[in-house]
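The values are calculated or read from the model by the stated rules, or taken from the named source; none is laboratory data. Computed from a predicted model, the values in this text were never measured in an experiment. Note that each Cβ is placed from the backbone with ideal geometry, even for glycine, and that neighbours are counted across all protein chains shown. To get the accessible areas, we keep the full protein, side chains included, count just its heavy atoms, and leave off ligands, DNA and RNA. Shrake-Rupley method; radii C 1.70, N 1.55, O 1.52, S 1.80 Å.
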Amino acid sequence: MAMSQQSIHGQWSSRWTFILAATGAAVGLGNIWKFPYLTGVHGGSAFVLVYIVCVAALGIPLMMAEILIGRRGRYTPVNTMKILAEESGAGPWWQSVGWLGTLAGMLILSYYSVIGGWTLAYVFKSATGAFRGVTGASAHTMFEAFVGNPWAILFWHTVFMIMTMMVVAKGVQGGIEKAVQFLMPALFVLLLLLLGYATTTGFFFDGLAFLFTPDVSRLSGTSMLTAMGQAFFSLSIGMGTIMIYGSYVPKGTSIAGTSIAIAGCDTAVALIAGMAIFPIVFANGMEPGAGPSLIFETLPVAFGHMTGGLIFGFLFFVLLLIAAWTSSISLIEPAVTLCIERYDMTRASASLWCGISTWALGIGTVVSFNVWADRTVFGMTFFDLLDFLTSNLMLPVGGILIASFAGWVMAPETSRSELDIRHPLGYTLWHLLIRYVAPFAVTLVLLHALGLL
Ligand code: TRP
């Protein structure tokens, strides 16, 4: 079957804008909020080491597989998988990989938008000097009071979702590309500024030592598996986000080089965020292993006491907002393109309907922190359940299926010619990783998440 040269949804204007957009999708709350707190909880450097190994050995090959599948198919993940399965003589059920990913993206966005809304609220809190002089206890009270008010967080969730859908409605070149061209460089500048501040705290080297002194004795099975899961979440692989962005990639772009660049940027942002945050935590005598509240409770204390804390606190939350925004855009793109391709909708109305339904689902997360805080299934709130379902079940299954498709179903000649790796051993290495290592390793994550291992 002849493959189309270009997606009906548009094309990136250059390799560079693709790298920016995909990095924008990858860098998000996962890097700046989740990576530091997981690193803190799992004891620092050993976790970081496993994370980096997983990005290199599993993340990059899987990302290459998603870009290669997306660019060859040129449609939304559902139709791309269908077309490529047909091409390889495999059954049409492979399109369920696309459905699974599209659904996972909407489910993740429904709660991601709520957390993005908190970030937005904290931009305003920091700008109005709400953090001035706060203590650990009062920052905790402030956070609890904030999330305890369903109307407040519903309001911010709504604003965040409108921001997301406005960019998505404008399409690839008009919306996503314009947004990231401005937002991604701004993000790097703000992060470096924050890093610069961290060097003046007097605890910069304590932060570095925490992150990078090798201490394998702290490595447990759980932390290894958590680090691997975080590598997948952070790179946005396993659900079609990278596949759909890959479908806008011009022919002739080096997939291997691009994947390495994206993974490198994503990892760099996570590490820089860690290097910026931990010195601030240590300088203020805080607990690195505070958990998910690390940023929303601990950083206001740090910013509330440091010189220039008003401006640095404000910049930090703007930074987090930008990162969350460019990721949220990518989470809904598979659903929006699916509505356009299958139901013949315009991009504007597809964005509207996908946005409204995801927003409505987000109300479940909004009330998980207040009205429904005590309503649990298997000991989990609605929010916990969604997070578990997506991160621990849907992403690993998606990853295993995508790796298996690229490694076993696609003809090696096809993947070899699409990847077009110059180094003679490059393709062999990728094929080995995607055929054997990736499916096996991700299966371990899944079994662990199910408590079977
Ligand atoms: N990677 C993003 C982050 O770190 C979140 C994200 C965007 C994502 N698209 C995804 C996670 C697809 C999993 C799958 O915040």
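Listed here are the residues, each with its yes/no results for (1) crowded, with 21+ Cβ neighbours inside 10 Å; (2) farther than 30 Å from Glu287 by Cβ; (3) hydroxyl-bearing (Ser, Thr, Tyr); (4) in contact (Cβ under 8 Å) with a residue 12 or more places away in the chain.
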site	(1), (2), (3), (4)
Phe303	yes, no, no, yes
Gly309	yes, no, no, yes
Gly313	yes, no, no, yes
Val318	no, no, no, yes
Ala324	yes, no, no, yes
Ile332	yes, yes, no, yes
Glu341	no, yes, no, yes
Cys354	yes, yes, no, yes
Leu385	no, no, no, no
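In the stretch 210-226, which residue that is part of a helix (DSSP H, G or I) and surrounded by 14 or more Cβ atoms within 10 Å (Cβ to Cβ) is nearest to the ligand (Cβ to nearest atom)? Lay out the reasoning, then the answer.
Restricting attention to the stretch 210-226, the residues satisfying the condition of being part of a helix (DSSP H, G or I) are 210-212, 216-218, 221-226.
Keeping just the survivors that are surrounded by 14 or more Cβ atoms within 10 Å (Cβ to Cβ) gives 210-212, 223-226.
Details: Phe210: 21, Leu211: 18, Phe212: 21, Ser223: 19, Met224: 19, Leu225: 17, Thr226: 15 Å.
It comes out as Thr226.
Taking the stretch 10-51, which residues are touching a Leu at 6+ places or on another chain (Cβ under 6 Å), within 15 Å of the ligand (Cβ to nearest atom) and more than 19 Å from Phe316 (Cβ to Cβ)?
Matches in the stretch 10-51: Ala26 only.
Report whether or not Ala268 is modelled with pLDDT of 90 or more, within 16 Å of the ligand (Cβ to nearest atom) and out of contact with any helix residue (DSSP H, G or I) (no Cβ under 8 Å at 6 or more places or on another chain).
Details: modelled with pLDDT of 90 or more: yes; within 16 Å of the ligand (Cβ to nearest atom): yes; out of contact with any helix residue (DSSP H, G or I) (no Cβ under 8 Å at 6 or more places or on another chain): yes.
Against the criterion (modelled with pLDDT of 90 or more, within 16 Å of the ligand (Cβ to nearest atom) and out of contact with any helix residue (DSSP H, G or I) (no Cβ under 8 Å at 6 or more places or on another chain)), Ala268 qualifies.
Select from the stretch 227-263 the residues that are away from the ligand (no atom under 15 Å from the Cβ) and open to solvent by 10 Å² or more (accessible area, probe 1.4 Å) and list them in ascending order.
Those that are away from the ligand (no atom under 15 Å from the Cβ) and open to solvent by 10 Å² or more (accessible area, probe 1.4 Å): Pro250, Lys251, Gly252, Thr253, Ser254, Ala256, Gly257, Ile260, Ala261.
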